[in-house]
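The values are calculated or read from the model by the stated rules, or taken from the named source; none is laboratory data. All values reported here derive from a predicted model rather than from experimental measurement. Here Cβ is always computed from backbone atoms with ideal geometry, including for glycine, and neighbour counts include all displayed protein chains.
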Amino acid sequence: MTTNSWQAAVETTVTGLGYDMVDCERSAAGLLRVYIDKLAEQAAAGEVITVDDCERVTRQLQYVLEVENVPYERLEVSSPGMDRPLKKAADYARFAGQEVALTLKVPFQGRKKYQGLLSAEGEGWRIVFNDGTADQAMDFSLEEVRDARLVPVTPFKGRNSGGPAKTKKPAAGGGNDNKPAAKKKPGEKQAAKALGRKTNDKVHGGLDQ
């Protein structure tokens, strides 16, 4: 199965169960890791991903991956954490107005990393950051971004933080240099469950966001 095929199977399963699929990845060691979140309206109402959510998605993914003959050694389903990655346009739209950390694929004026407030700008996006002397606005497209993540809100600012609890149980079977300097076009880990075919399963406890 091609990369696009197994990713499509995972995304279809996750979204079909009523969750937002944030990201999925495979490691050379056979770990298949899937990050899920509540839908935007649910999250806005204060709902968070729980162990039960991760167990539900894990059970369904195990079935789908076996039917689709997707090889893996261990499956891990978790929430994305407080430093949630932004992968698609819907993520940027959902978190507009929040602080993000952005890394460009190509440096602009010798700099790849920016941190500031995300907003929509025309058909693209904008980050407003301080260069040490004044606020600057940099416009960007998703194609110019290597990595973008939410900046975690610390407890001092009103958001609780912490690490997931873990238990174990037996394994289950189976850039553009011609842009102006002040403006340029480059935007939670909580409950988790890992189930695998050949290694011990893990359950990570839920966290309030």
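Could we say that Q60 is in a helix (DSSP H, G or I), polar (S, T, N, Q) and within 26 Å of A93 (Cα to Cα) here? Outline the logic, then answer.
Working: in a helix (DSSP H, G or I): yes; polar (S, T, N, Q): yes; within 26 Å of A93 (Cα to Cα): no.
For Q60, the condition - in a helix (DSSP H, G or I), polar (S, T, N, Q) and within 26 Å of A93 (Cα to Cα) - is not met.
Taking only the range 88-125 into account, find how many residues are β-branched (V, I, T) and under 25 Å from D37 (Cα atoms). Walk me through how you get there before you give the answer.
Of all residues in the range 88-125, those β-branched (V, I, T) come to 100, 103, 106.
Checking which are under 25 Å from D37 (Cα atoms) leaves us with 100, 103.
Summing the residues that are β-branched (V, I, T) and under 25 Å from D37 (Cα atoms) in the range 88-125 gives 2.
Filter the range 46-64 down to residues that are of a type outside the set (G, A, S), within 30 Å of A101 (Cβ to Cβ) and surrounded by fewer than 18 Cβ atoms within 10 Å (Cβ to Cβ), then give me how many there are.
Going through the range 46-64, the residues of a type outside the set (G, A, S) turn out to be 47-64.
Now narrow it down to the ones that are within 30 Å of A101 (Cβ to Cβ): 47-51, 53-54, 57-58, 61.
Of the ones still in play, those that are also surrounded by fewer than 18 Cβ atoms within 10 Å (Cβ to Cβ) are 47-48, 50.
Going through the range 46-64 one residue at a time, the tally reaches 3.
Working only within the range 65-85, note down all residues that are outside any strand (DSSP E or B), surrounded by 16 or more Cβ atoms within 10 Å (Cβ to Cβ) and not polar (S, T, N, Q).
Of all residues in the range 65-85, those outside any strand (DSSP E or B) come to 65-73, 79-84.
Retained after the next criterion (residues that are surrounded by 16 or more Cβ atoms within 10 Å (Cβ to Cβ)): 65, 70, 72, 79-82, 84.
Correct list: L65, V70, Y72, P80, G81, M82, R84.
State which residue is farthest from the chain's Cα centre (by Cα) when the search covers only the range 111-158 and only residues that are among the basic types (K, R) and more than 19 Å from L86 (Cβ to Cβ).
Quick first cut of the range 111-158, residues among the basic types (K, R) only: 111-113, 126, 146, 149, 157.
Restricting the remaining residues to those that are more than 19 Å from L86 (Cβ to Cβ) gives 111, 157.
On the way: R111: 24, K157: 22 Å.
Out of the qualifying residues, it is R111.
Test I36 against the stated conditions and say whether it is of a type outside the set (S, T, Y), buried (at least 18 other Cβ atoms within 10 Å of the Cβ), modelled with pLDDT of 95 or more and part of a loop (DSSP other than H, G, I, E, B).
On the way: of a type outside the set (S, T, Y): yes; buried (at least 18 other Cβ atoms within 10 Å of the Cβ): yes; modelled with pLDDT of 95 or more: yes; part of a loop (DSSP other than H, G, I, E, B): no.
Criteria not met by I36.
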